[in-house]
Amino acid sequence: KIHIVISNGKEDRFKCNCIECDVDKNCGGLWKASKYPGISDGKDLETKKIHIVISHCKSNLEWIDGFTQGFLISSIHIVTKCGETVKGAPEWATIEVLPNVGRCDHTYAYFITTILPQKINPAEQENSIVVFLKDDISAENFHQSGHWNDFETLVKLASSENGFACGIEPGGIQHGTHIFFLSAYHDVETLFDFSMAEYDRNVKGYNVDETEFKSQFTTLGSWYNSLNAGEVANNVTHVCYGGVFAASVDNILRRDISVWKAVETSLARGNNVLEGHYAERSWGHLLSTPLQPYQAEALISKSDGVYMNKNSMHGALIRRPKLFLHIGVKGTLSSEILAESFISDIARLKLDGYRVAVHGKYDGGLHGFPDIDRLGACLWSEVSKQRIPSYMKEAAICPEHLLSSLNDFMNHTLNDSANLILTNPWLSRPGTADPLSTFIDPSWDVNVVLYYRRYFEFITLVFDDWRRDLFNHTLTPHDIPYNSFRYIDFLREYNKRLFYGKNIEEEELPICRMNHTKSFNNKSPYMSKFDPTTEVDLVELTDLQEYSYFAAKQYYSQPRFRDVTVVNYHDQYGPDVNFYCHVLSDAHNSCEVAVQREKSSIEESERDQNFFQTDTSPPFNNIQAYEDIVIAGFHSKRLKFDGANDQFSSQVLLWAGMVHSALIQSDKYTFADLPIECLYPFEVDLLRDVSLSYEKLLMPNFFDDGADLRDDFKKWRFCSVDTDGLLSDPEWDFLFHSTIFPLRNCNRLHLDISTLTSSVFTIFFYRRRVEILPPFQTQSLCACRRT
């Protein structure tokens, strides 16, 4: 169950909405330590008292003027240790020579204990910051992922409530084909376990003394405890690499001077010592303002794990960029529902760290994502494209720039350290998973998401869609799919192997073959008849490859897509609530708004508890029944049509209306008296059993013993009008009498679907109201009967 407290819409000062966004003032830049409450907008920076300390060895310092341009610098103190002449320093800078010990970290500790008290006027302490710099911050001296922050950013962050700024904003690390985003925050327990056996990177050619690298302190934690700096407030803390940072003087002086002297003393042991690496990893903790518990909790909740590498950023919180690939299986309605939710909640999703790309919702770029409507066409083989119906051939044409635009969008999302949701119903088609896995950058941690709907409901919805498309696009007098036109024929057509096993012809119902071959013992060790259906599970014997089971199987067979999540459409919560609150798990803002929306429309959400067949007398849709009758009448030549092919669907609808009129004017028969043909009991049993098998496989925790599915299944009757029986019974001939005489006294029949809000619309025929399921095109027809 989902337990969520709905907020009143006001910003909570003690809650993180996101840790990497622009809109959360409390936590919006926590992940990379790039933004904090109280950060300056830049207008007050010119009043700051900025002091700079530079640890110098060999490099020219002429870059300093350009780096600090636009800022009024109060002092620059240069400590040089390598015996080289300081070149390029500002003329007014002070230069001091110290023994070559402890590298830059010793320089900084010495500055705090000895020089800083001379520089700071107590009256200006609250408005002063110190920027700690090495003599070389070029790209050649950059040894980790991420990028250098500029001087303005250092000053802004050090002036914020955090009181500290790191010179490097972290990026990502590559492990094999995977990329992980690094946080500036580290798990304290793992960090304090850091140690290093040796360190021999010396690309600058610095002099190294004979001091042993190893320390008496075997871990960072033991070294930190020796400083008597106090307990660590949280289980995560700020860590800064690279030896470049800035801090407010207030935060520097918050620590007792004894702490800084202990750091200075430990680093004076030698030139290249382990204590220097301990110090490098401790500046962020010693100088930054401790996080609030809710901020630390938010960082942990957004992390996938902790980086374990004692030669690098040991203990850093990490996360992989996640791509949630929603495969919109037809018949589940998930594509339609989620597409609307993703667009209406796009701001909330962005707040949660998610970008979206939604099929059918491209608006020229206003929502920020490219057009992905025909993504499938850019992935399918030519053979797969040939299976697309002729009226949908445009869907099989790949737009020239679609893949490049999508790739740019996905790369931009990666660079923003955001997750991505991509939804497209065409991706459920067979033959899509393999090329899609090749297209998607291996950096993404892909989670394939699809929705489960019970098979007997799914195939009914697919039939309904198929009939609607048939009437709207492909039905002609010369191309009528008699073997699947009726509901029960459709069920049999796409469950042939399930219902009839090996005794099935390609296009016919079961037959019993005459066996003219020599009989033999089927248990013979010499030979046997191959029958793949004897040991195949029921779930493999249905033939709608777009069903959730086959879509999940297609994607799971591809190594890139082994993380397949199946969401239960029959759960008490709606598709968007389950997606936001369970699939995403950390999209708290989006989850909240979805729950709020569902609470406000609880009556509407209950409308689908009993799907389609709640009144089983008669057990079929009336307009489909009329259509079945007139198609059978046309096939038997009771009805004739001499018009154009594209008018045939309209004529069938007109005939159906006339059959309805004849029936309601009959004194003897009603709609409920129409002869019924249903699936045989063994077919019904198999349809139930395969539905149970799918549910047990796809939803094992929901399945239990299948009692809920069995109860729902009992409410269903899988039937159509018995058209053969009706045509062979003279009692029903009156249904066709009105259609074979000359037309006159026409009444106008108007079909309007412009206000369609569901799968049902209303047709008024001869002043009678009839409920019709398939929505046909709006048009006017001349409907006439004999006078």
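The values are calculated or read from the model by the stated rules, or taken from the named source; none is laboratory data. This is a predicted model, so every value here is computed, not measured. Don't worry about glycine lacking a Cβ; one is built from the backbone with ideal geometry, like all the others, and counts go over all protein chains shown. The protein model used for the area step is the full one, side chains on, heavy atoms only, and it has no ligands, DNA or RNA in it. Shrake-Rupley method; radii C 1.70, N 1.55, O 1.52, S 1.80 Å.
Mind checking which pairs have a first residue in region 74-88 that is over 23 Å from VAL130 (Cβ atoms) and a second that is open to solvent by 10 Å² or more (accessible area, probe 1.4 Å) and outside any strand (DSSP E or B), Cβ under 6 Å, 6 or more apart or different chains?
Final answer for the pair search is GLU84/LYS58; LYS87/ASN60.
Test GLU400 against the criterion of being acidic (Asp, Glu), out of contact with any Lys or Arg (no Cβ under 7 Å at 6 or more places or on another chain) and not in a loop (DSSP other than H, G, I, E, B), and give yes or no.
In short, no.
Where the second residue is assigned to a helix (DSSP H, G or I) and buried (at least 21 other Cβ atoms within 10 Å of the Cβ) and the first is touching a residue at least 60 places away in the same chain (Cβ under 8 Å) and lies in region 151-169, which pairs have Cβ atoms under 6 Å and are six or more apart or on separate chains?
What qualifies is PHE164/LEU287; ALA165/LEU154; ALA165/LEU157; ALA165/ALA158.
Counting only residues that are in contact with a Pro (Cβ under 9 Å, 6 or more places away or on another chain) and part of a loop (DSSP other than H, G, I, E, B), how many does region 161-178 have?
So the answer is 4.
Do the conditions hold for SER548, that is, is it in contact with an Asp or Glu (Cβ under 9 Å, 6 or more places away or on another chain) and modelled with pLDDT of 90 or more?
no
Tell me the residue from THR438, THR432 that is open to solvent by less than 20 Å² (accessible area, probe 1.4 Å) and among the hydroxyl-bearing types (Ser, Thr, Tyr), please.
Criteria check complete, one pass: THR432.
Just for region 94-125: of the residues that are among the hydrophobic types (A, V, I, L, M, F, W, C) and without any contact (Cβ under 8 Å) to a residue 40 or more places away in the chain, which one is least open to solvent (accessible area, probe 1.4 Å)?
LEU98
When you check LYS261 against the structure, is it open to solvent by 30 Å² or more (accessible area, probe 1.4 Å) and either farther than 28 Å from GLN118 by Cβ or without any contact (Cβ under 8 Å) to a residue 40 or more places away in the chain (or both), yes or no?
Answer is no for this residue.
For LEU154, state whether it is part of a helix (DSSP H, G or I), of a type in the set (A, V, I, L, M) and touching a strand residue (DSSP E or B) at 6+ places or on another chain (Cβ under 8 Å).
yes
Evaluate the following for ILE388: is it within 21 Å of ARG560 (Cβ to Cβ) and outside any helix (DSSP H, G or I)?
Details: within 21 Å of ARG560 (Cβ to Cβ): no; outside any helix (DSSP H, G or I): yes.
The answer is no for ILE388.
Does LYS214 satisfy the criteria of being at pLDDT 90 or above and either surrounded by fewer than 12 Cβ atoms within 10 Å (Cβ to Cβ) or not in a strand (DSSP E or B) (or both)?
The answer is yes for LYS214.
Report whether or not ASN407 is more than 16 Å from ASP345 (Cα to Cα), in a helix (DSSP H, G or I), modelled with pLDDT of 95 or more and open to solvent by 20 Å² or more (accessible area, probe 1.4 Å).
yes
Quick one: in region 167-183, of everything that is out of contact with any Leu (no Cβ under 8 Å at 6 or more places or on another chain) and open to solvent by less than 40 Å² (accessible area, probe 1.4 Å), which residue is nearest to ILE52 (Cα to Cα)?
ILE168
Output the number of the condition that SER222 fails; it satisfies all remaining conditions of (1) outside any loop (DSSP other than H, G, I, E, B); (2) farther than 18 Å from GLU280 by Cα.
The single condition SER222 does not satisfy is (2).
Of everything in region 47-92 that's under 16 Å from CYS104 (Cβ atoms) and of a type in the set (D, E, K, R), which residue is surrounded by the most Cβ atoms within 10 Å (Cβ to Cβ)?
So the residue we want is LYS81.
Could you list, in sequence order, the residues of region 692-716 that are of a type in the set (Phe, Trp, Tyr) and surrounded by 17 or more Cβ atoms within 10 Å (Cβ to Cβ)?
Residues satisfying the conditions are TYR694, PHE703, PHE713, TRP716.
Mind checking which pairs have a first residue in region 689-711 that is over 18 Å from ALA551 (Cβ atoms) and a second that is open to solvent by less than 80 Å² (accessible area, probe 1.4 Å) and among the basic types (Lys, Arg), Cβ under 9 Å, 6 or more apart or different chains?
So the pair list comes out as LEU709/ARG454; LEU709/ARG688; ARG710/ARG688.
I'm told ASP445 meets every condition in (1) open to solvent by 20 Å² or more (accessible area, probe 1.4 Å); (2) touching a strand residue (DSSP E or B) at 6+ places or on another chain (Cβ under 6 Å); (3) modelled with pLDDT of 95 or more except one. Can you identify the failing condition by its number?
With (1) open to solvent by 20 Å² or more (accessible area, probe 1.4 Å); (2) touching a strand residue (DSSP E or B) at 6+ places or on another chain (Cβ under 6 Å); (3) modelled with pLDDT of 95 or more applied to ASP445, the lone miss is (3).
Can you tell me which residue among GLU275, GLU297 is at pLDDT 95 or above, among the acidic types (Asp, Glu) and either more than 26 Å from ALA246 (Cβ to Cβ) or open to solvent by less than 20 Å² (accessible area, probe 1.4 Å) (or both)?
GLU275
Do we have ASN447 as touching a Ser or Thr at 6+ places or on another chain (Cβ under 7 Å) and outside any helix (DSSP H, G or I) here?
In short, yes.
Quickly run through region 382-398 and pick out the residues that are polar (S, T, N, Q) and surrounded by fewer than 11 Cβ atoms within 10 Å (Cβ to Cβ). Quick ask: steps written out before the conclusion?
Looking only at region 382-398, we keep the residues that are polar (S, T, N, Q), and these are 384, 386, 390.
Of everything in region 382-398, those that are polar (S, T, N, Q) and surrounded by fewer than 11 Cβ atoms within 10 Å (Cβ to Cβ) turn out to be GLN386, SER390.
Would you check which residues across region 410-437 are of a type in the set (Gly, Ala, Ser) and either outside any helix (DSSP H, G or I) or out of contact with any strand residue (DSSP E or B) (no Cβ under 6 Å at 6 or more places or on another chain) (or both) and list them?
As a first pass, look at region 410-437 and keep what is of a type in the set (Gly, Ala, Ser): 417-418, 428, 431, 433, 437.
Of everything in region 410-437, those that are of a type in the set (Gly, Ala, Ser) and either outside any helix (DSSP H, G or I) or out of contact with any strand residue (DSSP E or B) (no Cβ under 6 Å at 6 or more places or on another chain) (or both) turn out to be SER417, ALA418, GLY431, ALA433, SER437.
So in region 325-338, with the set limited to residues that are open to solvent by less than 10 Å² (accessible area, probe 1.4 Å) and of a type in the set (A, V, I, L, M), which one is farthest from THR460 (Cα to Cα)?
Filtering region 325-338 for residues that are open to solvent by less than 10 Å² (accessible area, probe 1.4 Å) and of a type in the set (A, V, I, L, M), the one farthest from THR460 (Cα to Cα) comes out as LEU325.
What about LEU414, is it under 19 Å from SER335 (Cβ atoms) and surrounded by 17 or more Cβ atoms within 10 Å (Cβ to Cβ)?
No: the conditions fail for LEU414.
Is there any pair linking a residue in region 542-559 that is within 12 Å of VAL448 (Cα to Cα) to one that is open to solvent by less than 50 Å² (accessible area, probe 1.4 Å) and assigned to a helix (DSSP H, G or I), with Cβ under 6 Å and at least six apart or on different chains, and which?
Every condition considered, the pairs that remain are ALA551/SER428; GLN554/ALA433; TYR555/ALA433; TYR555/PHE561; GLN558/ALA433; GLN558/SER437.
For region 66-113, give me each residue that is under 30 Å from LYS214 (Cα atoms), out of contact with any helix residue (DSSP H, G or I) (no Cβ under 6 Å at 6 or more places or on another chain) and aromatic (Phe, Trp, Tyr).
TYR108, PHE111
Does GLY305 satisfy being modelled with pLDDT under 95 and open to solvent by 20 Å² or more (accessible area, probe 1.4 Å)?
yes
Limited to region 282-294, what total is found for residues that are open to solvent by less than 40 Å² (accessible area, probe 1.4 Å) and out of contact with any Cys (no Cβ under 8 Å at 6 or more places or on another chain)?
Adding up the residues that qualify gives 6.
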